Each structure stands twice: as structure tokens, then as C-alpha cells.
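Undergrad: Below is a structure I'd like to ask you about.
Read the figures in this text as sums done on the coordinates, not as results from a lab. Remember, predicted model here, so these are calculated numbers, not experimental data. Cβ sites come from the backbone with ideal geometry, for glycine too, and all protein chains shown count toward neighbours.
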Amino acid sequence: MFIAKEESFDPEEMLTLYDSVGWEGYTRDVDKLCRGLLNSHLVITARDGSGTLLGLARTVSDDEHICYVQDVVVNPAFHRQGVGRALIEDLMPRYSHCRFFLLSTDHEASPEGKRNHAFYRSLGFLSYEEKEMAGFGLPRNRPDLRVAAP
């Protein structure tokens, strides 16, 4: 397996990866997904020796104070093979100078969240509460936040 920075994205390859984990919010519009990847601060991929995409991680960052790990996506066929760990461990030293290195994941009460929490804790992450922080987000589909098309 090798980890590399990516700067261009094959829509079909990205659709296959994000679809493999059921992230429908991304797969509804593959062009938007690819634009989001292009607009990220950094995108790294994990590939096997034949070039098959195993997983991807991307960041949103000012590269000074904060790095937010937006996506860590690993095709389920390659789970528990060190792919996600390799991606995160590649990012951590890259952003070690930033005050915050953050990510969000599912709530621990969900089956996916339970696995994710254990995984991130194994890498040294603490919950926001343990860091004496709080995270907030607006509810999805708030009608008062919709902007009329120009």
C-alpha cells in the first residue's frame, strides 16, 4: 500500500469509493463531490500495488491554526487492514504545527460510531468534551438558510 497526495479525481473512482460506504450526500452529485475534493486543502489516497483505490482522506485547513479532517473513507472490502490508520498517521505530522487537528464522526451510540470512536481513540484522539470543547452544527435542510438562485 502506498499513500500519495492527489490533485485530480476520476469521477467514477470517487463515486465507487464513496458509494461503497453509503455516503449518499456525496454520491448524489459526483461533479460536486469532485469539486469539493479539488477545493480541499489536501487529499491523500491509499492505493495497492496495482493502483486500486483503497481509501481517501481529505482536509480543510488554514495550515496555521486548524486542520479539520473532513473525510476518512475506506472501501469496506479493505477495512481492518490498516488503511484508515495509514491515512490518519500520514496527516498527523503534516499538521502537527496546527493548534487544532479535529474531525467529527457518528455518535458513539450508533454501531458505526462505536467502531469509529474506538478507531480514533486508538490513534490518540479525545472527544471534544474531553478536550473541554463543544461542537455545534446547524440542522440539515433549514428553510431559513436557503439562498435563492441568482
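Undergrad: Would you mention how many residues in segment 21-55 are under 14 Å from the mean Cα position of the chain (by Cα), outside any loop (DSSP other than H, G, I, E, B) and closer than 18 Å to PRO76 by Cβ?
TA: Of the residues in segment 21-55, 6 are under 14 Å from the mean Cα position of the chain (by Cα), outside any loop (DSSP other than H, G, I, E, B) and closer than 18 Å to PRO76 by Cβ.
Undergrad: For the list (1) within 22 Å of MET1 (Cβ to Cβ); (2) buried (at least 17 other Cβ atoms within 10 Å of the Cβ); (3) not charged (D, E, K, R), I need the number of the one condition that CYS98 fails.
TA: Condition (1) is where CYS98 drops out.
Undergrad: Residues in segment 89-103 that are touching a strand residue (DSSP E or B) at 6+ places or on another chain (Cβ under 8 Å) and either of a type in the set (A, V, I, L, M) or free of Cβ contacts under 8 Å to residues at least 60 places away in the same chain (or both): how many? Full working, then the answer.
TA: As a first pass, look at segment 89-103 and keep what is touching a strand residue (DSSP E or B) at 6+ places or on another chain (Cβ under 8 Å): 90-92, 94-95, 98-103.
Add one more test, that the residue is either of a type in the set (A, V, I, L, M) or free of Cβ contacts under 8 Å to residues at least 60 places away in the same chain (or both), and what stays is 91-92, 94-95, 98-103.
Adding up the residues that qualify gives 10.
Undergrad: Please count how many residues of segment 7-49 are crowded, with 18+ Cβ neighbours inside 10 Å and of a type in the set (D, E, K, R).
TA: Residues flagged as crowded, with 18+ Cβ neighbours inside 10 Å and of a type in the set (D, E, K, R) within segment 7-49 amount to 0.
Undergrad: Could I ask something else about it? Collect the residues in segment 56-82 that are part of a strand (DSSP E or B) and either touching a Cys at 6+ places or on another chain (Cβ under 9 Å) or within 15 Å of LEU15 (Cβ to Cβ) (or both), keeping them in residue-number order. Before you say what the answer is, go through the steps one by one.
TA: Initially, segment 56-82 is screened for residues part of a strand (DSSP E or B), giving 56-61, 66-74.
Answer for segment 56-82, where residues must be part of a strand (DSSP E or B) and either touching a Cys at 6+ places or on another chain (Cβ under 9 Å) or within 15 Å of LEU15 (Cβ to Cβ) (or both): LEU56, THR59, VAL60, SER61, ILE66, CYS67, ASP71, VAL73.
Undergrad: I'm told LYS114 meets every condition in (1) of a type in the set (Lys, Arg); (2) surrounded by fewer than 16 Cβ atoms within 10 Å (Cβ to Cβ); (3) touching a residue at least 40 places away in the same chain (Cβ under 8 Å) except one. Can you identify the failing condition by its number?
TA: LYS114 satisfies every listed condition except (3).
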